[in-house]
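First comes the structure, then the notes that go with it.
Bear in mind these aren't lab numbers, they're just calculated from the coordinates by the rules spelled out. Quick caveat, the model's predicted, so the values are computed rather than measured. Glycine also receives a Cβ, built like all others from the backbone with ideal geometry; neighbour counts cover every protein chain displayed.
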Amino acid sequence: MKKNVFASVTALVILICLLCGCNQPADVTVSVPEESSRPVTDKLPVASPDSKSATDFAVRLFKASNEEGKNTLISPLSVLVALSMTANGAAENTLVQMENVLGMPVDELNGFIKAYSASLPRGEKYKLNLANSIWLDNGFPANDEFLQTNTDYYGAGIYERPFNDDKTLDEINDWVNKKTEEMIPEILDEIPEDAVMYLINALAFEAEWEEMYGEYSVRENEFTKENGEKQTIQMMYSIESKYISDENAEGFIKYYKDGKYAFAVLKPKEGMSVAEYVETLNGEKLNQTLSEAQSISVNAGLPKFETEYDVEMSDILKAMGMTDAFDKNVADFTGISTLKGEELFIGRVLHKTFISVCEKGTKAGAATVVEVQDECAPMYEKTIILDSPFVYMLIDCENNIPFFIGTLMSVDFE
């Protein structure tokens with residue numbers, strides 16, 4: 001993975017397969033399209049109902065994905081976008097379960113994601129970009145309405161290719177590489193014989209800190225893991241102006257340029273493990289914690305760190321209530337294709353992520369493959385040194401949506 005400084009990337013791929021084979025006609029391409037500083041206030045904006053639903057999904061997915069004792073990192077926004085695209089082809093109970101897990105009816109999801117994508121702030125030192133595409137095996141009878149909905153609301157480009165040609169594999173990987181600014185040069189190592197469609201979402205984040213760390217702001221310190229083991233790390237020190245807390249944790253918000261995006265941390269109070277703290281979280285609570293940030297001076301210490309994470313999400317999504325989509329006997333994706341809907345079902349959901357936090361800013365990357373088969377408080381100074389495990393997230397300050405969220409249980413930096 002090429003590590004461009006300050007770029008964070010998410011690529012989300014949905015692979016749709018059939019147990020039977022498909023004919024391979026000629027190759028075709030279908031082309032489809034693709035402010036000011038934050039106000040001085042004690043509180044961040046209160047999120048809209050749709051944003052609250054998105055945050056609630058983010059927290060539920062994070063809780064279901066968290067592995068005790070391990071560094072965890074997911075991109076719930078990317079998962080939300082790709083599964084919402086897929087939900088446009090679901091019907092009956094399959095659709096009901098997907099909407100329940102995603103937190104909104106599919107029509108509301110479509111409108112919310114379209115409006116959200118169009119409103120994303122971009123500046124000279126920061127940006128958050130979303131890109132989507134759908135790749136069809138030549139001859140696969142995709143429903144025009146399904147494709148049109150995903151182009152209208154998600155700006156998805158449509159590409160028809162022979163999936164039995166290695167050039168198609170290269171072309172898909174090249175698209176992902178370009179849209180993720182070379183952060184993820186390869187998302188697929190093969191195209192299975194029963195694959196008929198890929199739905200891909202790429203999310204690219206790039207930002208510099210509002211206040212960068214100077215040369216003398218970085219010093220050696222110790223990081224103590226939950227098992228008592230100590231690590232020598234590089235700690236970045238600063239004075240931050242936003243303090244956040246709930247009954248079980250406290251932390252701070254560190255802004256990127258112009259205050260449109262931010263890095264937020266919550267360190268559990270003494271005696272509580274990160275896993276125990278994660279279990280106390282819910283979307284409403286996190287929204288409240290972020291929106292009620294207090295203007296208190298915080299003497300902050302943040303480790304330089306890099307972490308990678310990967311997980312197969314099928315069991316996680318099943319546990320959240322999305323079971324029919326993975327069951328070939330009951331899954332209903334009649335909206336995707338003119339083929340019988342019961343022949344399509346989700347086989348696997350693979351998710352990989354990367355984040356790097358250093359003096360100048362942050363970069364993070366993620367790749368997810370979903371395989372569908374036919375088979376106001378008083379002013380006082382706080383000191384928060386992150387020298388033990390904590391929860392962190394990258395947030396959109398205007399909506400309080402965490403588009404990356406994870407735990408740091410141990411520190412590594414190249």
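Each label was represented as a point 7 Å from its Cα along the Cα-to-Cβ direction; for Asp327 and Glu279 these points are 2.8 nm apart. One quarter of the convex hull surface built on the alpha carbon atoms of the stretch 212-256 amounts to 4.4 nm², the projected area averaged over directions. Expressed in units of 2.2 N^0.38 Å, where N is the residue count, the Cα radius of gyration of the stretch 87-183 is 1.27.
Cβ crowding within 10 Å ranks Ser75, Ser238 as Ser238, Ser75, fewest other Cβ atoms first.
Available extension along the chain between Glu222 and Glu92 is 41.4 nm, counting 0.36 nm per residue and deducting the alpha carbon span. In terms of surrounding Cβ atoms within a 10 Å radius of their Cβ, Leu73, Leu188 rank from fewest to most as Leu188, Leu73. Model label sites at Arg122 and Glu247, defined 7 Å from Cα along the beta-carbon direction, differ in position by 4.5 nm.
If packing is taken as the average count of other Cβ atoms within 10 Å, what order do 309-321, 194-206 fall into, highest mean first?
Details: 309-321: 17.2, 194-206: 26.2.
The peptides rank, most packed first, as 194-206, 309-321.
The packing ranking, built from the mean of other Cβ atoms within 10 Å per residue, places the peptides 48-58, 224-234 in the order 48-58, 224-234, highest first. If R0 is taken as 22 Å, the Cβ-Cβ distance between Thr338 and Lys114 corresponds to a FRET efficiency of 0.25.
Between the alpha-carbon centres of the stretch 265-343 and the stretch 235-263 there is a gap of 21 Å. When the Debye formula is applied to the Cα atoms of the stretch 274-354, each taken as the same point scatterer, what base-10 log of I(q)/I(0) results at q = 0.15, 0.23 Å⁻¹? Values, matching the q order: -0.85, -1.15.
If each residue's Cβ is checked for other Cβ atoms within 10 Å, how do Thr151, Thr86 rank with the fewest at the top?
Ascending number of Cβ neighbours within 10 Å: Thr151, Thr86.
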